[in-house]
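Written out below as structure tokens is the structure these notes cover.
The values are calculated or read from the model by the stated rules, or taken from the named source; none is laboratory data. What you see is a predicted model, and the numbers here were worked out from it, not measured in a lab. Heads up, the Cβs are rebuilt from the backbone with ideal geometry, glycines too, and the neighbour counts pull from every protein chain shown. These area figures cover heavy atoms from the full protein model, side chains too; ligands, DNA and RNA do not enter into them. Shrake-Rupley method; radii C 1.70, N 1.55, O 1.52, S 1.80 Å.
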Amino acid sequence: DSSGKRVVVDPVTRIEGHMRCEVNLDANNVIRNAVSTGTMWRGLEVILKGRDPRDAWAFVQRICGVCTGTHALTSVRAVENALGIEIPENANSIRNIMQLSLQVHDHLVHFYHLHALDWVNPVNALKADPKATSELQQKVSPSHPNSSPGYFRDVQTRLRKFVESGQLGPFKNGYWTNPAYKLPPEADLMAVTHYLEALDFQKEIMRVRTIFGGKDIHPNWLVGGVPCAINIDGDMAAGAPINMVSLNYVADITQRCIEFVENVYIPDLMAIASYYKGWLYGGGLSNKSLLAYGDIPDKANDYSPANLMMPRGAIINGKLSEVHPVDLTDLTQVQEFVPHSWYKYEDESKGLHPWDGVTEPHYELGKGAKGTSTRIEEIDESAKYSWIKAPRWRGHAMEVGPLARYVIGYMQGNKEIKEQVDWALKTLDVPMDALFSTLGRTAARGLEAQWAARKQKYFLDKLIANIKAGDTSTANTAKFDPKTWPSEVKGVGFTEAPRGALGHWIRIKDGKIDNYQCVVPTTWNGSPRDNQGNIGAFEASLMNTKVERAEEPVEILRTLHSFDPCLACSTH
Ligand code: NFC
């Protein structure tokens, strides 16, 4: 609408990577066009060409500093798939524990540190009555250990010093006078207090991955298993990283994860959502096409949907009753398009399956764009406008992530997911359709953190039982030597990363990587237009959102942040 304004958010902060968003508002401040773009390219797929496939995990893991091992896990699975390598049961349990601990960690950090400030106003928390805050907490999270009025008074005093010093740090540049913030001061103080608690606790979670992977954020991985030995009869001094001391430590952190998510995260989520019910209807509605590859194999080496504890499937255009099977080796299913991406294909009217994928950078600003090669002032979305390719599933733009997994799992009748979703819908007194919203996406992530923490315990128990039964194997090196490999093979590895479905496709020729393509969660969600002009999930979800103040577009942040975007991943 020419009578409205153009609003630019660049950079979008509290995400990983570099993202710009432009929207056009109509005369009533309603978003009528949305364009999102990834503004930095990394080139990992190009860097990988000609390298040793057994090293690929170490390169691709550097795609991101947030989703740590998930690219590495996807990579070792792709190589194992290509070469027919089976891994020991213990390796499967350890990989699952690492992946699940990442889910819990990422979701917790996202909720409190990347997303909460879209809903919670720390400046308003200064007006709270600590006694009333204590009562509120005892009502919404009765099992939380710190609930006294004095505890909240102390936090408020710290916060006041912070605000009065003018050094707001992580709370700087918020729209703290915007009427879009709806929480009463006591809920704000409770949530800010938990923001600080979560900041402290999250560093404990990563220790799980340092035990099994030697370090974090980029732990060590291994084609054929995991690179850590087991010796439960010895102690730390005996040199095996997996011993009774370290396993007890993991058990303790796992239990604390369950407690933190159940006593703090989920109650906060429900409390905040109850004040923002408008965001459970309409606001941030996406195209309702959802995709999940599935993950967390119960038994080792079986990647069929029945053995995957996280669901696999596709839902198209909101037709929930039909969950389509997904096949990552079918050349007609996953394809990437580039007519609006800064890459070159021979024929850009067609998409390419990742086994035949091409990554050739080609930066140019469209004719209607304004700016220079180093500074964009206005995007022309009819031309190339993003470093993100446009992946499509059978030609459809898809949303991936916790919301997709939870809706697909729910429709498949997954008992655990159904119980959680039904409980949340009942607690908030809203129908199933409320899930297709900005807050629905945020809620699905919280429920999944609870699920993942519980499953982490399941696999830890399974690992310990297997070791006690006498199996200490963690790696299969039978096919590690490239001399044993066929001259040409291809494979695919997949996971459910915290932000959604992740796939790596590899072609190996004469022992070296011939082609390596990653199709990443935020590549799906943040994709630009495709050859048909279909918009991606970020763009679709912003349409028709009303913005209270065009110069303070907190509504745009709410919806974009609800996806937990990772632009470093998306552009890789
Ligand atoms: Ni980065 Fe990612 C990986 C993405 O695949 N998107 O969840 C994962 O980052 O966070």
- Item | Residue in segment 2-23 that is of a type in the set (S, T, N, Q) and under 15 Å from P521 (Cβ atoms) present | no
- Every residue from segment 431-477 that is touching a Ser or Thr at 6+ places or on another chain (Cβ under 6 Å) and crowded, with 24+ Cβ neighbours inside 10 Å: T438, R441, T442, Q456, L463
- Answer yes or no as to whether T68 is within 16 Å of the ligand (Cβ to nearest atom), among the β-branched types (V, I, T) and in a loop (DSSP other than H, G, I, E, B). yes
- Item | Residue in segment 478-506 that is nearest to D356 (Cα to Cα), counting only those that are aromatic (F, W, Y) and buried (at least 24 other Cβ atoms within 10 Å of the Cβ) | W505
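The rows are residues; the columns are (1) in contact with a Pro (Cβ under 6 Å, 6 or more places away or on another chain); (2) open to solvent by less than 40 Å² (accessible area, probe 1.4 Å).
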{"position": "Q103", "(1), (2)": "yes, yes"}
{"position": "H110", "(1), (2)": "no, yes"}
{"position": "W119", "(1), (2)": "no, yes"}
{"position": "V123", "(1), (2)": "no, no"}
{"position": "P130", "(1), (2)": "yes, yes"}
{"position": "R153", "(1), (2)": "yes, no"}
{"position": "S165", "(1), (2)": "no, no"}
- (1) farther than 24 Å from G69 by Cα; (2) within 16 Å of the ligand (Cβ to nearest atom); (3) of a type in the set (V, I, T): which one isn't true of T559, the others all being true? (2)
- Matching residues in segment 354-381 - criterion: being farther than 24 Å from E22 by Cβ and without any contact (Cβ under 8 Å) to a residue 24 or more places away in the chain: V358, E360
- Have a look at I211, I205, I232 and point out the one that is in contact with a helix residue (DSSP H, G or I) (Cβ under 7 Å, 6 or more places away or on another chain), at pLDDT below 90 and of a type in the set (A, V, I, L, M). I232
- In segment 1-38, residues that are touching a Lys or Arg at 6+ places or on another chain (Cβ under 9 Å), within 16 Å of the ligand (Cβ to nearest atom) and under 18 Å from P553 (Cβ atoms) total 4
- Query: Among the residues of segment 359-372, is any crowded, with 17+ Cβ neighbours inside 10 Å and at pLDDT 95 or above?
  - Reply: yes
- Query: Among the residues of segment 365-384, which ones are over 17 Å from I535 (Cα atoms) and of a type outside the set (D, E)?
  - Reply: L365, G366, K367, G368, A369, K370, G371, T372, S373, T374, R375, I376
- Task: Check P184, P241 and return the single one that is more than 27 Å from the chain's Cα centre (by Cα) and either hydrophobic (A, V, I, L, M, F, W, C) or under 30 Å from V155 (Cβ atoms) (or both).
- Result: P184
